[in-house]
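Read the structure below first, then the notes.
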Amino acid sequence: MEQERIDTVQLSEQVKQLLESKNFREIQTLLDQLPAQDCAQVLENLPEKDMPPVFRLLSKENAAESFVEMPTDKQQLLISVFSDAEIKAVFDEMFVDDTVDVIEEMPANVVKRIIAQSDAETRAQINEILHYPKDSAGTIMTVEYVSLREQWTVKECFDRIRKTAPDKETIYVCYVTDDKRKLLGLVTVKDLLLHDYDTPVSEFMEHNVISAGTNDDKENVAQTISRYDLYALPVVDGENRIVGIITVDDVLDVINEEATEDMAKMAAITPSDVSYLNQSVWQIFKNRIPWLLLLMISATFTGLIINTYEATLNQLSTLLFACIPMLMDTGGNAGSQSSVTIVRSMALDELHPSDIGKVIWKELRVAVILALCLSAVCFGKLMLLDGLLFGYAYTWDICLVVSLALFATVLLSKLVGSIMPIVAKACKLDPAVVASPFITTIVDALSLIVYCQIALAILPAI
């Protein structure tokens with residue numbers, strides 16, 4: 001990955017030198033040989049003044065594909081210097097779903113220019129997709145798909161594919177519909193190749209078609225495509241009429257977005273669609289400060305607990321206080337292990353709220369084994385290493401208090417870490433929101449209470 005980045009930077013420098021020497025033909029040849037993703041990266045690395053003239057040297061197809069791969073701010077920069085004819089040329093080569101993706105990130109004045117240069121049919125398709133709920137299947141589908149009829153022969157199907165293929169996003173999977181677009185089945189190009197030219201599609205088409213509704217959550221759609229290893233998934237309305245398809249490249253984008261969003265939430269950061277280097281300091285600040293403030297305020301409960309038991313614990317000098325960071329850190333880490341595992345399993349559709357009993361039973365057994373191991377090591381470490389080697393006055397009863405508190409802390413943290421994401425999911429909340437930071441705060445408070453109560457119950461000095 002690092003090597004690819006270095007190559008695109010070097011190519012950008014080469015393009016700058018060619019531009020200075022006005023060797024435009026060499027620039028065109030060089031960039032048109034690159035994949036759209038790399039070409040977009042080369043353009044992004046150029047100075048802003050050089051980007052438009054270099055972009056104009058690209059072939060129509062490469063220009064459209066590269067434009068889609070560029071970040072929003074660079075797209076907006078190019079559109080600001082494009083003539084209406086150039087806007088039309090670029091967007092005419094783009095698929096409708098890619099056009100919608102661009103429009104959703106643009107300010108109103110730019111959107112008006114794009115819409116104005118689209119033909120009536122494309123404009124209607126764009127408006128239809130934009131009207132679907134946010135994060136629904138309808139917002140990521142493409143309306144460019146191959147439609148066949150069940151009474152057609154293989155030869156007629158190939159004629160249809162050859163005629164319409166240039167405007168379609170994929171032609172490998174073709175959908176069989178009636179005159180009213182009702183989805184009847186599907187065939188693949190492989191199916192067509194393996195049958196005689198005069199064989200009707202109805203004789204070998206697949207009738208049991210997995211589909212998605214226009215309002216289905218796009219994350220569920222991604223899971224469906226992943227689960228059944230599909231190349232594309234048809235999207236139907238309430239009357240089972242096909243309105244578009246979702247291809248695997250769109251699903252990869254969804255999976256990447258959802259994973260990035262979950263990682264941000266688990267780290268107590270407001271998710272952002274903008275890449276890190278393209279975010280301003282002020283944007284990063286706004287994404288982070290609300291969560292830090294909330295966690296800081298919630299962490300004051302830990303301080304209140306310490307203040308409550310301070311006078312009592314002070315009778316045993318600082319030995320019990322010295323073990324508090326170890327207890328809190330171990331509890332937070334143990335809870336995070338469980339929460340991250342559960343959140344990821346639910347994201348992969350491996351766990352559901354109805355499985356909460358199984359999860360509790362499994363995590364409880366794991367927690368007991370871990371707690372026994374950790375508390376035994378802790379007892380030995382305090383008695384032998386801290387007591388004998390370093391000379392701290394850790395008596396066996398103090399070591400017992402700390403070890404028992406650690407045992408209880410691990411049990412509690414594992415249960416809290418596994419239960420809270422499931423409860424959040426059942427309450428229609430994002431499980432990632434209640435992951436590591438919040439669980440750590442809760443576990444810190446619980447572990448302190450347990451620690452102090454065990455000390456009060458066991459130590460005779462108190």
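The values are calculated or read from the model by the stated rules, or taken from the named source; none is laboratory data. On a predicted model such as this, the values are computed, not experimentally measured, just so you know. Neighbour counts run over all protein chains shown; Cβ positions are idealised from the backbone, glycine included. For the accessible areas, the whole protein counts, side chains as well, though only heavy atoms, and no ligand, DNA or RNA atoms are used. Shrake-Rupley method; radii C 1.70, N 1.55, O 1.52, S 1.80 Å.
Within the accessible surface of region 1-159, defined with a 1.4 Å probe on protein heavy atoms only, the carbon and sulfur portion equals 48 percent. Database remark: amide H of Met94 closer than 5 angstrom to no amide H (H placed geometrically; neighbours at sequence offset of 5 or more, or on other chains; Pro and chain starts carry no H).
Within the accessible area of region 341-458, the carbon and sulfur atoms contribute 74%, probe 1.4 Å, all protein chains present. Projecting the Cα atoms of Cys174, Val42, Ala64 onto the dipole axis of region 42-189, where Lys and Arg carry +1 and Asp and Glu carry -1 at the beta carbon, places Cys174 farthest toward the positive end.
With a 1.4 Å probe and all protein chains in place, put Asp198, Asp98 in order of accessible area, largest first. Don't skip to the answer; put the middle values down first.
Numbers: Asp198 115, Asp98 30 Å².
Accessible-area ranking of Asp198, Asp98, largest first: Asp198, Asp98.
Step by step: find N for region 200-253, compute 2.2 N^0.38 Å, then divide the Cα radius of gyration by it. What's the final number?
Compared with the compact-globule rule of thumb, region 200-253 sits at 1.19.
Give me the 1.4 Å probe accessible area per residue for region 97-216, excluding ligands and nucleic acids, in Å².
Values: 6390 Å² over 120 residues.
With all protein chains present, region 97-216 gives 53 Å² per residue.
Size estimate for region 42-132 follows the Kirkwood approach: the inverse of mean 1/r over distinct Cα pairs works out to 13.3 Å. Qualifying chymotrypsin sites (Phe, Trp or Tyr not before Pro) in region 341-431, where qualification requires a DSSP coil assignment and no more than 16 other C-beta atoms within 10 Å, comprise Phe390, Tyr392. Computed over protein heavy atoms with a 1.4 angstrom probe, the accessible surface ordering of His352, His131, largest first, is His131, His352.
Based on alpha-carbon positions alone, could you give the equivalent ellipsoid semi-axes of region 330-381 from the gyration tensor, as √(5λ), descending, whole Å? The partial results should precede the final answer.
Numbers: eigenvalues 140, 30, 8 Å².
Sorted largest first and rounded, they come to 26, 12, 6 Å.
Summed over qualifying helices (DSSP H, 4 residues or more, each -39500 (n - 2.57)) and divided by its residue number, the chain shows a 222 nm mean residue ellipticity of -20500 deg cm²/dmol. Between the amide H of Gly185 and those of Val176, distances stay under 5 Å, these residues lying 5 or more places away or on another chain, with hydrogens modeled in the peptide plane. For the residues Val81, Val410, Val416, a 1.4 Å probe over the protein chains yields an accessible-area ranking, largest first, of Val81, Val416, Val410. Under the convention that each Lys and Arg Cβ holds +1 and each Asp and Glu Cβ holds -1, the size of the dipole of region 1-150 around its Cα centre is about 540 debye.
Ligands, DNA and RNA excluded, the heavy atoms of Leu374 present near 70 Å² of accessible surface to a 1.4 Å solvent probe.
Where in the chain is the longest stretch that carries no GluC sites (Glu not before Pro) classed as loop by DSSP and with at most 12 other Cβ atoms within 10 Å? Counting at most 12 other Cβ atoms within 10 Å as exposed, the longest clean stretch of the chain is 49-238.
Please compute, over every Cα-Cα pair in region 167-217, the percentage with a separation greater than 15 angstrom. The share of Cα pairs beyond 15 Å in region 167-217 comes to 55 percent.
Take the Cα gyration tensor of the chain, multiply each eigenvalue by 5, square-root it, and list the three semi-axes largest first, rounded to whole angstrom.
Numbers: eigenvalues 653, 186, 73 Å².
Values for the chain, descending: 57, 30, 19 Å.
Separation of the alpha carbons by more than 32 angstrom is noted, of Lys88/Lys134; Lys60/Lys112; Lys16/Lys163; Lys168/Lys425; Lys134/Lys168, for Lys16/Lys163; Lys168/Lys425. Computed from phi, the 3J(HN,Hα) profile of region 327-336 under the Karplus parametrisation 6.51, -1.76, 1.60 (θ = phi - 60°) reads 5, 5, 5, 5, x, x, 5, 5, x, 5 Hz, with x in place of Gly and Pro.
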